[in-house]
Amino acid sequence: MDPMGSRSAAPRRRALTAGLVAVFGLLLGACAPPPGNASPANPPTPLPTQRPLPTPLPTPLPTPRPPLVRYVDHVPLPHGCWPVSPAIVGVKVYLVQRALHLYGHRERYDAATVAAVRAFQSAHHLPVTGVVDATTWSALRTGYGFCVDRYTQQPTVGLSVSQPVRVDALIRYAHGRLALPYIWGGAGPMGFDCSGLVIQALYAAGVVVAGVNTDKHVQVSFVTTDALYRSSLPHVPLRDRRRGDLVFYGSPITHMAIYLGNGRILEAVRPAVRIADMWADGLPAQPYVLRPFPG
């Protein structure tokens with residue numbers, strides 16, 4: 001239904017909404033990849049609390065199927081140990097750029113990063129490839145092992161615990177990461193993006209979502225927010241949200257957060273993980289939330 005009551009103006013409003021979403025998504029440092037022609041910029045100042053924007057065109061839900069939540073008491077470790085190249089994002093790109101004193105590149109393994117890696121390899125008599133393998137990683141002295149991308153939070157609760165206990169475990173994990181830096185594609189341990197934080201918080205609560213893991217999360221072509229929204233976790237109308245639900249923003253989806261209740265969320269945005277009003281980022285919410293712990 002057209003909220004303004006005018007069918008003829010709908011295309012113009014949709015275009016305006018899409019433009020607003022794109023602008024706010026870039027300011028937010030959202031989980032979706034930044035555009036290829038984005039120039040380096042300082043982290044934006046968080047936007048003040050504001051009224052929610054008009055609801056966007058909802059992202060279509062997957063083909064209806066029975067909700068499925070898989071509780072586990074152990075999370076398998078990912079393959080990890082990925083060579084650092086333009087194919088990935090995340091904490092290893094962040095650490096390489098930090099070691100090379102490259103700032104403002106927002107964890108994109110761009111041409112400047114490739115050039116800096118090649119120069120470093122040449123200066124240290126290493127094969128000049130522009131890709132950081134285990135040998136180049138060791139020479140860079142990042143302070144972390146080459147397989148830091150295998151970091152996986154194990155469940156902190158048992159298989160038979162109640163729904164409130166799982167919600168507490170989810171939020172306790174995320175709350176313990178407050179003020180850690182936002183890292184695009186990050187899933188810990190030293191920084192996170194919005195969906196990377198949620199993946200590890202779900203692990204802490206004993207939930208593994210089929211088709212989503214940290215190996216996929218670091219791939220530049222994989223959009224974790226969309227994969228989570230289309231997963232088999234129960235979808236509940238936004239108006240019925242409750243503590244522990246996962247809220248999604250933008251159309252297409254560019255951001256997500258953990259709902260804390262009373263209109264507050266816990267989220268990873270630039271510059272750091274924080275607690276905020278659920279509308280503080282200026283992005284419209286999707287009409288459904290995910291409920292990882294039904295009951």
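The values are calculated or read from the model by the stated rules, or taken from the named source; none is laboratory data. Not measured: the values here are computed from a predicted model. Reconstructed Cβ throughout: ideal geometry from the backbone, glycine too, with neighbour counts over all protein chains shown.
None of Asp168, Asp193, Asp133 is outside the structural domain of Ala276 (by TED's automatic domain parsing) and at negative phi except Asp133.
Is region 183-197 home to any residue that is in contact with a Cys (Cβ under 6 Å, 6 or more places away or on another chain) and closer than 25 Å to Asp73 by Cβ? Yes - at least one qualifying residue is present in region 183-197.
Checking each residue in region 100-141 for being touching a Leu at 6+ places or on another chain (Cβ under 8 Å), closer than 22 Å to Arg270 by Cα and crowded, with 20+ Cβ neighbours inside 10 Å picks out only Thr113. Within region 177-193, residues that are over 19 Å from Cys147 (Cα atoms) have Cβ atoms under 7 Å from residues that are outside any loop (DSSP other than H, G, I, E, B) and charged (D, E, K, R) in these pairs: Leu178/Arg274, counting only partners at least 6 apart in sequence or on another chain.
For region 218-236, a residue qualifies if it is crowded, with 18+ Cβ neighbours inside 10 Å and of a type in the set (S, T, N, Q), and the qualifying residues are Thr224, Thr225, Ser231. Listed by first and then second residue, the pairs with beta-carbon distance under 6 Å, at least 6 apart or on different chains, first residue in region 86-105 and under 13 Å from Trp184 (Cβ atoms), second assigned to a loop (DSSP other than H, G, I, E, B) and of a type in the set (D, E, K, R), are Val89/Glu107; Val93/Glu107; Tyr94/Glu107.
Tell me, which residue of region 209-233 that is part of a loop (DSSP other than H, G, I, E, B) and small (Gly, Ala, Ser) is nearest to the chain's Cα centre (by Cα)? Ranking the candidates gives Ser221 first. Answer yes or no as to whether Pro155 is in a loop (DSSP other than H, G, I, E, B) and either surrounded by 24 or more Cβ atoms within 10 Å (Cβ to Cβ) or of a type outside the set (S, T, N, Q) (or both). In short, yes. Of Ser122, Ser160, all but one fail to be of a type in the set (S, T, N, Q), outside the structural domain of Asn213 (by TED's automatic domain parsing) and without any contact (Cβ under 8 Å) to a residue 40 or more places away in the chain; the exception is Ser122.
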